[in-house]
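For reference, the structure discussed in these notes is given below.
The values are calculated or read from the model by the stated rules, or taken from the named source; none is laboratory data. Treat the numbers as computed from the prediction; the structure is a model and nothing was measured. Every residue, glycine as well, gets a Cβ built from its backbone with ideal geometry; the counts of neighbours run over all protein chains shown.
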Ligand code: NAD
C-alpha cells in the first residue's frame, strides 16, 4: 500500500512510521514480512498514539500496515524470550487506544491475523479492503489469543460466531466480516483514500464505540456441547479447549478479569510442550520446500502417469484436483478400467460427503485422459511412474520413457525404496530423473519426499519442489539410500516392535502404547494396513546385507509364511472380519510370538508401556540423527515434517527429532547408551548425537 504523506513521515521505532495526512495521524506498521507485533512495533504504536493525542492539529488516527498485509499477529520468533513480554504489551497498547478521545480506525488490507486482529478489535472502527482475511488462528499453534481477542470478539459479533472463529481458527473474508459486524466498512479502491475521510467523519461524531464496553449476550450458548464436539486426537486439542474456556470466561467476567483469565491460559500454553512443538512445525513446514543449489523452477503443463493402481490413481487425482491435465497410462484395458473406475468412485464418495459437487467431479474426471498407448506420454512435461516395486520392471519402464518423452521432460519414479541412480542409469538423461515419493492415499497425504539422485539437475529439483506445492503437498528433499528418510527410519521402529513382542508384549499392547503416545496408528496395525508382503520382500532383498551376529526377530517372516499379509488377506499381526478394518487379537499370532521367543532363548517378561514407547521412539531418533549426519535430509526439521505428515506422528510432539530435544539431547543419548548396554549393537548411538551432547547443544 502506498503512503503519500502531507507531512514527512518519521520513524517512531525501526518498525513503525508516523505521518500526518491533513488532520489525520497515520501509524504505519512496517516490520516485514507481515508486520509482526514484536516489542519495537508495540512501542512504536504506543508512542504514535501518545503523539497524536497531544497534537491539537490531529482529529483522528488510522493504524495501517505496510507491505502485503495489515498485520500477521504476534512475532512468534520472540515467544519464550524477554522481548515477548517487554512493555508495552499489546494489552497496554489497546488500553491506550480505548482511552483515546480521538477515534482510532484500523485500516486492514491483506490480512489481520491473531494479534493483528486483536489490535484491530481494540480500535474504535475497522475498515477492510475487499478480499482481505481476518482470523484468530492461534489454536493452530497450540495457543489462544493473548491480547484480548477472546474477550472483545464475543462482545462485538456475538458469542456463538466468536466461539466458532476462535476455537477453529478459521478466517472470515472482508464480506463475511462486514455481515458479522466485525468490520464497519469495506474499501473497494485505495484503502487509505477511503480510511482517511472515514476517520474524519467519525471524529465529527464525538463519542466512539469500544468493543470491551459492549454488553454481551450469552443466552442459548452451549459451551458443553461445543466441548463435546472437539476431536480429542486433534494436534491442538488442548488449545481448542482453552479457547472455549476463554470465551466462556468472557460471558462470566467483567472485561479486566476476563483479560487476566485469557492471559493466564495463554501463558500456560505458551510455556507448554505442545505449543512449542506446533510452533516448531509451523517453521519446519515453511522451511521444508527451500533447497540450496540454485535451480530455477520450470513450468509444468501436462502430467503423465504410468500405472493406474493404488498410487497412480491417487497421484492422478492430486494433479487433476489442482487443475493439471493428466495422461494416465496402463498396460492393459482391464487395469486401466479398474483404475479409472476407482478414481470416479473416490470422487463420488467426496461428493456424497458434500465436499464436491457433480460438476466438480466431472471437471476432474475430464482432466484425466486414460491411455493404453505409451506414445501419449510423449508431450508430458512431468511423467511419474507408479508401476510394481521391482527394479527390472522400473528400469524397463524408464527405457521406454527415455525413448518416448520429449526433451526437457522430467522422469520421476514413485518408488518407496529402490535406488534412483540405478533407475537413472538406464536412461541417456540422468539429469531428468528424480524420485517423487507420494504417500498413500496420494490425493490426501500432504507429504512428498523428493528424492535427489546423484545426477538429478538443480532445475529439475526446483521444478518438482514448486509443482509439489501447487498440488498442496509439503515437499521434503531427500537423498538416495534404502528407504530414503521415512521408510528407512521405520526399519528400526519395526525392529524394536518385533523384539518387544518376543520379550513379552502383545501386538495390542504395543499398538495401544504408541497410539496413547499420540501416533495415528501403532506400528503393527500400520504394517497390516500397508501390506506385510511389501516389508517381507524388502527383508528378503536385504537379507544378504544383514550382519549374522545381530539379533533378528523372525515373527514377521513367520506370519507372512502363512500367507497372512495384513488387511488385504484379513490376517496379519491381527485378524479381520470380512469387510472390517478393526484389528482383532489372534491366538495364532500369539503362538508364533511364543515360538520365536523360545527358539531365540528369550524368557518372556512383563513389558511396560513406557519401555515400548521409549524403544520405538529412540529407534526413530537414532536413525534420524544418522540420516541428518549423512546429508540424506537437509535439516533435522525436515525429518520431523516427514514423520508428522507421512507417518502419523503426533504434531503436538513436533516430530521425532523435536521430541528428542524435548526429552533433552543428553538424556536421549544416555538412554540410547543404556539400551546398547542391555540390547547390543543395534543401539550404537549416532555420532552426531554424541558430538552434539559433547558440545552442550540442545537442538539438532
Ligand atoms: P499397484 O499394484 O496398486 O499398482 C501398480 C500398477 O502398475 C498396476 O495397475 C499395474 O497394472 C501397473 N503396471 C505394471 N507394470 C506396468 C507397465 N509396465 N506399464 C504400465 N503400467 C504398469 O501398486 P501401488 O501400490 O500403486 O505401488 C506402485 C508404486 O508406488 C510402487 O513402486 C510402490 O513401491 C510405490 N508406493 C506404494 C505405496 C503404497 O502405499 N501402496 C506408497 C508409496 C509408494
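In table form, for the structure just shown:
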item: Some residue of region 202-216 being in contact with a strand residue (DSSP E or B) (Cβ under 8 Å, 6 or more places away or on another chain), under 30 Å from residue 110 (Cβ atoms), touching a residue at least 60 places away in the same chain (Cβ under 8 Å) and not in a loop (DSSP other than H, G, I, E, B); result: yes
item: Boolean, residue 320 is under 14 Å from residue 443 (Cβ atoms), in a helix (DSSP H, G or I) and more than 16 Å from the ligand (Cβ to nearest atom); result: yes
item: Unique residue being touching a helix residue (DSSP H, G or I) at 6+ places or on another chain (Cβ under 9 Å), buried (at least 18 other Cβ atoms within 10 Å of the Cβ) and closer than 16 Å to residue 385 by Cα when the list is 422, 502, 496, 449; result: 449
item: Test result for residue 629, farther than 25 Å from residue 476 by Cβ, more than 21 Å from the chain's Cα centre (by Cα) and not assigned by TED's automatic domain parsing to the domain that holds residue 236; result: no
item: Subset of region 26-41 [more than 24 Å from residue 196 (Cβ to Cβ) and either crowded, with 24+ Cβ neighbours inside 10 Å or in contact with a strand residue (DSSP E or B) (Cβ under 8 Å, 6 or more places away or on another chain) (or both)]; result: 36, 40
item: Criterion: more than 26 Å from residue 286 (Cβ to Cβ), over 26 Å from the mean Cα position of the chain (by Cα) and modelled with pLDDT of 95 or more - qualifying residue of 675, 692; result: 675
item: Region 431-446 - residue that is away from the ligand (no atom under 13 Å from the Cβ) and surrounded by fewer than 19 Cβ atoms within 10 Å (Cβ to Cβ) and, of those, farthest from residue 468 (Cα to Cα); result: 431
item: Residues located in region 412-439, provided they are in a helix (DSSP H, G or I) and either within 14 Å of residue 463 (Cβ to Cβ) or not assigned by TED's automatic domain parsing to the domain that holds residue 316 (or both); result: 431, 432
item: Residue in region 390-400 that is free of Cβ contacts under 8 Å to residues at least 24 places away in the same chain, at negative phi, assigned by TED's automatic domain parsing to the domain that holds residue 315 and within 34 Å of the chain's Cα centre (by Cα) present; result: yes
item: Selection within region 91-129 - touching a residue at least 60 places away in the same chain (Cβ under 8 Å), part of a helix (DSSP H, G or I) and surrounded by fewer than 24 Cβ atoms within 10 Å (Cβ to Cβ); result: 91, 98
item: Total residues in region 565-600, condition in a loop (DSSP other than H, G, I, E, B) and within 21 Å of residue 496 (Cα to Cα); result: 8
item: Which numbered condition residue 182 fails, given (1) closer than 26 Å to residue 98 by Cβ; (2) assigned to a helix (DSSP H, G or I); result: (2)
item: Residue among 495, 516, 551 that is more than 15 Å from the ligand (Cβ to nearest atom), outside any loop (DSSP other than H, G, I, E, B), more than 25 Å from the chain's Cα centre (by Cα) and more than 23 Å from residue 435 (Cβ to Cβ); result: 495
item: Residue in region 536-546 that is crowded, with 21+ Cβ neighbours inside 10 Å and either assigned to a helix (DSSP H, G or I) or without any contact (Cβ under 8 Å) to a residue 40 or more places away in the chain (or both) present; result: no
item: Identity of the residue in region 405-418, at pLDDT 95 or above and crowded, with 19+ Cβ neighbours inside 10 Å, that ends up nearest to residue 375 (Cα to Cα); result: 405
item: Filtered residue count, region 323-335, keeping only those that are touching a residue at least 24 places away in the same chain (Cβ under 8 Å), in a helix (DSSP H, G or I) and more than 8 Å from the ligand (Cβ to nearest atom); result: 1
item: Criterion (over 21 Å from residue 455 (Cβ atoms) and within 15 Å of the ligand (Cβ to nearest atom)) met by exactly one of 349, 368; result: 368
item: Single condition residue 648 does not satisfy, out of (1) in contact with a helix residue (DSSP H, G or I) (Cβ under 7 Å, 6 or more places away or on another chain); (2) in a loop (DSSP other than H, G, I, E, B); (3) surrounded by 15 or more Cβ atoms within 10 Å (Cβ to Cβ); result: (1)
item: Residues that are more than 9 Å from the ligand (Cβ to nearest atom) and either under 19 Å from residue 304 (Cα atoms) or touching a strand residue (DSSP E or B) at 6+ places or on another chain (Cβ under 8 Å) (or both), drawn from region 336-346; result: 337, 340, 341, 342, 343, 344
item: Residue list for region 173-193, restricted to those being surrounded by fewer than 23 Cβ atoms within 10 Å (Cβ to Cβ) and touching a helix residue (DSSP H, G or I) at 6+ places or on another chain (Cβ under 9 Å); result: 180, 181, 184, 185, 186, 187, 188
item: Some residue of region 354-362 being within 15 Å of the ligand (Cβ to nearest atom) and either assigned by TED's automatic domain parsing to the domain that holds residue 313 or over 22 Å from residue 460 (Cα atoms) (or both); result: no
